[in-house]
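See structure below.
Taken together, the values in this text are just the output of simple stated rules run on the coordinates, not laboratory data. Remember, it's a predicted structure, so these values are computed and weren't measured experimentally. Cβ placement follows ideal geometry from the backbone for every residue including glycine, while neighbour counts extend to all protein chains displayed.
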Amino acid sequence: FQRNEAPRPPGAKDLHAYPWDKSSLKSMPVDLQQFKKLDAYALKVNVKNSVEELVKALLKQARTDLEKVRAIWMWICHHIEYDVVGYHNKSQLSSKPRDVLQMGKSICEGYAELFEHMCSLAGIQCKKLSGHAKGHGYKTGQTFTGNSDHAWNAVYLEGRWHLLDSTWGSGSVDDSFTKFTYRYNEFYFLTHPALFINNHFPDNSNWQLLKPTLTLKEFENNMLHNSNFYMLGLLAAHPETPIIQTVNGKASVSVDCRSSTLFMFKLKGTDEHGLMTLKKHGMKLDIYPQKTGSHKLEIFAKPSKAEAADDVYKCVVEYVVECESVDKAMRFPKALHQPVGPSWFSERQGFLRPSHREPVLHTNDGRCSLTFTLGKDISVLTSLHTDGSSLAENMGRRHVLQIHRGNQVELKVHLPHAGNFVLKIYSKKKSDPGNYDYIFNYLIRCLNTEVKWPAFPQSYSKWLQDYEILEPLSGLLPANRNVQFKLKMHGVAKVLVQAENTHPLTHNRGCWEGTCNTSGCREVFVMVHENANHSFYSHVLKYEVESQ
């Protein structure tokens with residue numbers, strides 16, 4: 001073991017620019033792959049009789065100072081647990097390195113002292129730092145007064161000071177502060193100082209290792225991004241203040257990221273009162289709280305290509321939304337699913353070139369039409385939903401009509417009345433026998449109370465995807481009238497319309513046309529003769545006739 005000279009105070013060459021330049025999460029280049037063998041070795045070292053023996057064992061596989069620090073870090077993070085009992089009864093607690101090692105548990109003070117002592121035995125300059133931390137029990141927007149409440153370390157490597165926090169690297173404590181769980185966190189090893197300041201404020205501001213340094217007030221007002229935020233590749237969240245006031249009942253939040261990431265949110269535990277849209281490089285969220293007062297808003301994220309089983313949604317940022325007035329018009333139907341509107345996700349599922357990129361469609365006459373280019377082998381299912389009992393499940397399907405032309409699909413929507421509706425879009429591979437998967441949805445709004453469109457006609461399984469109804473589009477026909485029919489169909493020998501009497505349609509340039517009289521009947525069917533030699537007909541469409 002070498003003797004150390006006294007650690008030098010931080011100087012100009014230790015400083016990093018603030019705010020973060022979005023380059024690296026670490027304060028020096030670190031190749032985690034190269035640590036794999038060393039990490040595995042350090043985890044297996046099992047020496048508890050003395051700190052000296054432990055360090056000797058760990059250094060067997062470590063050559064450079066960086067490797068020595070890594071081995072010590074890895075061992076502490078996986079062998080010392082946070083002492084939740086001792087935390088509540090500090091007078092009984094020793095944070096002397098020897099006692100921490102013997103007990104196998106401590107609070108931050110003990111982690112930092114053990115780290116410092118092990119580094120000095122390994123001939124590496126290390127310093128224990130103390131200060132305020134936005135850790136357990138932190139409340140958004142709170143101030144820090146009195147003595148510091150947390151401890152961590154600075155280590156001197158390759159001619160510069162670096163920061164790390166082995167307490168937070170080792171795991172986490174539950175909300176009631178009664179149970180510690182080992183959960184290794186790479187983020188707190190040599191963290192970039194401009195990110196470390198996000199939740200660590202040292203008593204001596206020189207140890208921020210930043211230029212410019214932050215004041216305590218700035219630290220208090222800054223957004224808290226936890227380690228998940230950065231580990232998921234997120235770059236920034238707007239607004240950059242943790243407390244948001246609504247304007248006319250609305251507040252907006254956005255998150256920027258490097259690559260496609262899935263997001264969700266909870267306002268007071270539910271995602272009903274917002275419109276979230278996914279963007280290629282992040283997400284945008286408009287919140288419309290339906291009660292005044294202060295509401296907690298949590299944003300969650302997960303990678304779009306979930307590789308590992310533990311890729312669940314993790315909370316990445318929290319706001320407090322203060323709402324002074326409620327916008328009742330922005331009450332969304334229960335069926336609305338987040339995110340809303342098309343995105344890279346719906347594109348990935350084969351819905352390309354959407355005619356409407358926005359999440360909300362406004363219609364004045366109660367009708368709208370959307371088009372997409374479909375990927376190969378995709379079958380589409382759609383349904384319309386609203387609150388209340390005005391649309392039963394089977395009718396929700398009949399207010400949307402699909403028209404296929406080549407690889408284009410048009411969705412025609414006719415609303416039964418004014419209000420807020422959700423258009424849900426599902427798909428499956430045509431070659432798959434299985435069920436349809438939900439893909440995405442739109443919000444459709446209509447304020448015109450005169451609107452009252454009947455459903456489209458009911459179609460049966462023999463009505464093929466690329467057939468098209470030109471007229472009548474309404475599934476409800478007027479009584480005692482001659483109604484004109486015009487249908488685009490191929491591959492059939494004869495088409496009949498059956499009312500009280502049977503009316504054959506004539507074939508003209510790919511369309512079957514003719515009239516039918518609706519008197520004396522309640523229902524009208526369109527039937528096809530698929531083969532001139534067969535005597536039986538198949539039903540393809542059904543219309544209803546208005547009662548007298």
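With charges only on Cβ, +1 for K and R and -1 for D and E, what is the dipole size of the chain about its Cα centre, in debye, rounded to 20? Provide the component values of the computation, followed by the final result.
Details: 65 positive and 56 negative charges, 169 e Å.
Charge dipole, the chain, about its Cα centre: 820 debye, nearest 20.
With a cut-off of at most 15 other beta carbons within 10 Å, and DSSP calling the residue loop, which GluC sites (Glu not before Pro) in the stretch 95-189 qualify? Please list them. Walk me through the numbers before you get to the answer.
Details: sites: E109, E113, E116, E158, E186; in loops: E158.
Answer in residue order: E158.
Any idea which of A493, T215, N364 is furthest toward the positive side of the dipole for the chain, if Lys and Arg beta-carbons carry +1 and Asp and Glu beta-carbons -1?
A493
Give, rounded to the nearest 20 debye, the magnitude of the charge dipole that the stretch 231-323 has about its Cα centre when Lys and Arg contribute +1 at Cβ and Asp and Glu contribute -1 at Cβ.
Values: 12 positive and 11 negative charges, 36 e Å.
Computed about the Cα centre, the dipole is about 180 debye.
With every atom except the alpha carbons ignored, what do you get for Rg and Dmax of the stretch 299-441, in angstroms?
Both quantities, over Cα of the stretch 299-441: 17.3, 53 Å.
Return the unpartnered cysteines for the chain, using a Cβ-Cβ cut-off of under 4.7 Å.
Cysteines lacking a close Cβ partner in the chain: C77, C108, C257, C315, C323, C368, C446, C511, C516, C521.
Take the Cα radius of gyration of the stretch 459-545 and divide it by 2.2 N^0.38 Å, with N its residue count; two decimals is plenty. Write out the running numbers ahead of the final one.
On the way: Rg = 12.1 Å, N = 87, 2.2 N^0.38 = 12.0 Å.
Against the compact-globule rule of thumb, the ratio is 1.00.
Of I287, L234, A301, which is farthest along the charge dipole of the stretch 231-323 in the positive direction, counting Lys and Arg as +1 and Asp and Glu as -1 at C-beta?
It is I287.
Can you grab the distance from the C-alpha centre of the stretch 237-283 to the C-alpha centre of the stretch 383-408, Å, no decimals?
Using only Cα atoms to place each centre, the spacing works out to 29 Å.
I'm checking a number: the convex hull volume of the Cα atoms of the chain, normalised per residue, in Å³. What is it?
On the way: hull volume 105.2 nm³, N = 548.
Hull volume normalised by residue count: 192 Å³.
List the aspartates and glutamates whose Cα sits under 19 Å from the Cα of K139, skipping any in the same chain fewer than 8 residues away.
Answer for K139, where 19 Å is the Cα cut-off: D149, D174, D175, E218, E220, E240, E298, E318, E322, listed by chain and number.
Which trypsin sites (Lys or Arg not before Pro) does the stretch 204-290 hold that lie in a coil by DSSP with at most 14 other beta carbons within 10 Å? Mind showing how you got there, number by number?
Working: sites: K217, K250, R258, K266, K268, K279, K280, K284; in loops: R258, K268, K280.
Here the sparse-neighbourhood loop sites are R258, K280.
For K36, go through the aspartates and glutamates and keep the ones whose alpha-carbon is under 14 Å away, minus same-chain ones fewer than eight residues off.
Candidates past the 8-residue exclusion: E67, E186.
Between the alpha-carbon centers of the stretch 158-188 and the stretch 76-136, tell me the distance in whole angstrom.
First find each Cα centre; the distance between them is then 11 Å.
From the phi angles alone, apply the Karplus equation (6.51, -1.76, 1.60; θ = phi - 60°) to the stretch 143-152 and give each ³J(HN,Hα) in whole Hz, x where the residue is Gly or Pro.
9, 10, 10, x, 5, 5, 10, 8, 9, 8
According to a simple spin-label model (label point 7 Å from Cα along Cα-to-Cβ), what is the distance in nm between K305 and M231?
Taking the two extended label points, one gets 2.0 nm.
Test of the criteria: in the stretch 466-548, which trypsin sites (Lys or Arg not before Pro) are in a DSSP loop and have at most 15 other Cβ atoms within 10 angstrom of their Cβ? The partial results should precede the final answer.
Details: sites: R481, K486, K488, K494, R509, R522, K542; in loops: R481, R509, R522.
Listed in order of number, the matching sites are R481, R509, R522.
Compute the label zone of E530 within the stretch 470-503: residues whose backbone N is under 15 Å from the point 7 Å along Cα-to-Cβ.
Once the point is set 7 Å along Cα→Cβ of E530, 490-495 turn out to lie under 15 Å by backbone N, inside the stretch 470-503.
List the lysines whose alpha-carbon lies under 16 Å from that of K429, not counting same-chain residues fewer than 8 positions away?
K376
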